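This report refers to the structure that appears directly beneath it.
The values are calculated or read from the model by the stated rules, or taken from the named source; none is laboratory data. This is a predicted model, so every value here is computed, not measured. Here the Cβ positions follow ideal geometry from the backbone for every residue, glycine too, while neighbour counts run over all protein chains shown. Heads up: the accessible areas ignore ligands, DNA and RNA and are worked out on the full protein's heavy atoms, side chains in. Shrake-Rupley method; radii C 1.70, N 1.55, O 1.52, S 1.80 Å.
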Amino acid sequence: MTNFMYMFCLIVWGLNFIAVKIQGTPVSLELSLTYRLVITALLFLILAWFMKPQGKPQKQDMPFIIVFGVCNFAFSYLCLYYATMLSSAAIVTLIFSLKVILTPIALRIFLKEPLHRRVLLGGILGVIGVGVLIYPTLHSFSGLADFKGILIAFLGTLLTAIGDASSARNAKCHIDPVYANAIGFAVGSVVMCGIVWMEGQRMMIPTSFTYLSALLYLTVIASFLAWLFYLKLVERIGGAKSGYMVALFPVIGGIASVLIGESTVSIYLIVGCLSSCIGAAIALGFKIKPILR
């Protein structure tokens, strides 16, 4: 079951930026994200009411769950939405891959977890692989919008790493992921509703097939199911190893691009995939634990 959840999150989130691009901007990004968070929060609240699992959060746990919701769902998502529109999805994916290094660092800073050499080495190889993978697209990097996109993407990645540290703390305190997600998405929804209200935006839902299908994917699959599985992974194998799947997202996107005819197989694609996969194996400790311990 752990392997299934890992692969599910890897594939679903690997296609995340493509879905955001497909959704587009028929309404503001703030409004699109608000719809996503509100629907996902409702799904988790219904699931929590139906399952009534053990591990209810206590009063002292609420600040950490709030940090988790604000960082991982509201501000991080909003930053990455804007970055995807300002810059190319490949550039944003490259920056977001730094999460494989930033999350273990955040775990070290906030939770005093050991920073294993294999995680750092695997993360570096993963980022190198991503760089090789998108190198052919770097000639299109130009203009102030791209620079803003990079800065916003890095900020979103940093916020995600902080949220991951809060998530790992919640898991250590045996807070059930259903409750953590329900409250986290609800908090993120309130934050985004407040932003939309302060901006004076008019509520409207586009009815185009592309927008609704992308919203459905981002809400039910990429948010509800994938986040439920991801927090279970954090509980089972730890935040650092769970977060490393980010380094493989560009590989998933590259393979999908080839399958739909947008890209062709190249030496950059092959070398990038190999480097990322080797980095993943090292970070996860496959058959090399005695060497790196």
Restricting the search to the stretch 69-97, which residues are more than 13 Å from Ile152 (Cα to Cα), modelled with pLDDT of 85 or more and of a type outside the set (A, V, I, L, M, F, W, C)? Gly69, Asn72
Pick from Ile124, Ile109: which is open to solvent by 60 Å² or more (accessible area, probe 1.4 Å), within 19 Å of the chain's Cα centre (by Cα) and at pLDDT below 95? Ile124
Residue check for Ile66: closer than 25 Å to Gly279 by Cβ, modelled with pLDDT of 80 or more and surrounded by fewer than 24 Cβ atoms within 10 Å (Cβ to Cβ): no
When the stretch 143-180 is checked residue by residue, the ones that are farther than 20 Å from Leu45 by Cβ, crowded, with 24+ Cβ neighbours inside 10 Å and touching an Asp or Glu at 6+ places or on another chain (Cβ under 8 Å) are Ala168
Looking at Ile183, Ile205, Ile195, Ile221, can you tell me which residue is closer than 26 Å to Leu45 by Cα, outside any helix (DSSP H, G or I) and either of a type in the set (A, V, I, L, M) or at pLDDT below 70 (or both)? Ile205
Residue check, Ser266 hydroxyl-bearing (Ser, Thr, Tyr), surrounded by fewer than 17 Cβ atoms within 10 Å (Cβ to Cβ) and modelled with pLDDT of 70 or more: yes
Could you say whether any residue in the stretch 101-109 is under 24 Å from Ile282 (Cβ atoms) and without any contact (Cβ under 8 Å) to a residue 24 or more places away in the chain? yes
With respect to Ile205, determine if the residue is open to solvent by 10 Å² or more (accessible area, probe 1.4 Å), of a type in the set (Val, Ile, Thr) and within 14 Å of the chain's Cα centre (by Cα). no
I'd like to check something: does the stretch 136-151 contain any residue that is modelled with pLDDT under 85 and under 18 Å from the mean Cα position of the chain (by Cα)? yes
Which residue pairs have Cβ atoms under 6 Å apart, sit 6 or more places apart or on different chains, and have a first residue in the stretch 1-12 that is part of a helix (DSSP H, G or I) and a second that is at pLDDT 85 or above? Met5/Phe229; Phe8/Phe229; Cys9/Ala226; Cys9/Phe229; Val12/Ile221; Val12/Ala222; Val12/Ala226
Determine if the stretch 239-249 includes at least one residue that is modelled with pLDDT under 70, surrounded by fewer than 17 Cβ atoms within 10 Å (Cβ to Cβ) and more than 17 Å from Gly184 (Cα to Cα). no
Have a look at Leu33, Leu37 and point out the one that is open to solvent by less than 10 Å² (accessible area, probe 1.4 Å) and touching a Cys at 6+ places or on another chain (Cβ under 9 Å). Leu37
